[in-house]
């Protein structure tokens with residue numbers, strides 16, 4: 001039995017593809033409501049920043065695009081240095097000066113899931129995340145309900 005050349009090619013490609021059965025994350029379709037987007041925009045404007053708005057409703061400022069070839073996705077492990085703060089300046093979490101944190105991108109808040117792929121390894125970004133793309137109406141440790149969160153993130157590695 002003869003198979004068309006394209007079927008053989010597709011089979012060869014499919015059998016070489018790396019399978020990751022442990023990752024079943026789906027891209028979030030969550031979009032922040034206008035009231036939250038307006039609040040984040042007002043905060044960013046009060047700082048005099050020219051931050052860009054993602055269609056989902058968070059704002060971001062890329063400080064360095066990065067020079068690495070790796071781009072994060074929901075199924076990759078990312079290694080980062082970061083600082084998270086509230087809009088009043090209170091730092092609620094950070095990696096120490098020389099320490100990093102590693103996690104699968106699909107396991108964190110939507111703001112990070114959508115923001116980190118905007119830069120590559122070696123890049124640096126500030127995310128301004130509305131509540132619905134973070135912890136929403138739930139308190140999370142020292143983070144009050146319905147908080148806008150600000151993250152300064154350096155993307156150290158992607159695997």
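From the list 97, 90, 67, which one is farther than 16 Å from residue 158 by Cα, surrounded by fewer than 21 Cβ atoms within 10 Å (Cβ to Cβ) and at pLDDT below 95?
Exactly one of 97, 90, 67 is farther than 16 Å from residue 158 by Cα, surrounded by fewer than 21 Cβ atoms within 10 Å (Cβ to Cβ) and at pLDDT below 95, namely 97.
Might you check whether a residue that is in a helix (DSSP H, G or I), loosely packed, with under 15 Cβ neighbours inside 10 Å and without any contact (Cβ under 8 Å) to a residue 24 or more places away in the chain occurs anywhere in region 21-36?
yes
Every residue in region 70-84 that is crowded, with 16+ Cβ neighbours inside 10 Å and under 13 Å from residue 149 (Cα atoms), please.
Answer for region 70-84, where residues must be crowded, with 16+ Cβ neighbours inside 10 Å and under 13 Å from residue 149 (Cα atoms): 82, 84.
Please state which of the following conditions residue 134 fails to meet, knowing it meets all the rest: (1) within 28 Å of residue 38 (Cα to Cα); (2) modelled with pLDDT under 95.
(2)
For region 111-132, enumerate the residues that are more than 23 Å from residue 69 (Cα to Cα) and touching a strand residue (DSSP E or B) at 6+ places or on another chain (Cβ under 9 Å).
128, 129, 130, 131
The values are calculated or read from the model by the stated rules, or taken from the named source; none is laboratory data. Note that the coordinates shown come from a computational prediction; the quantities given were computed from them, not determined experimentally. Heads up, the Cβs are rebuilt from the backbone with ideal geometry, glycines too, and the neighbour counts pull from every protein chain shown.
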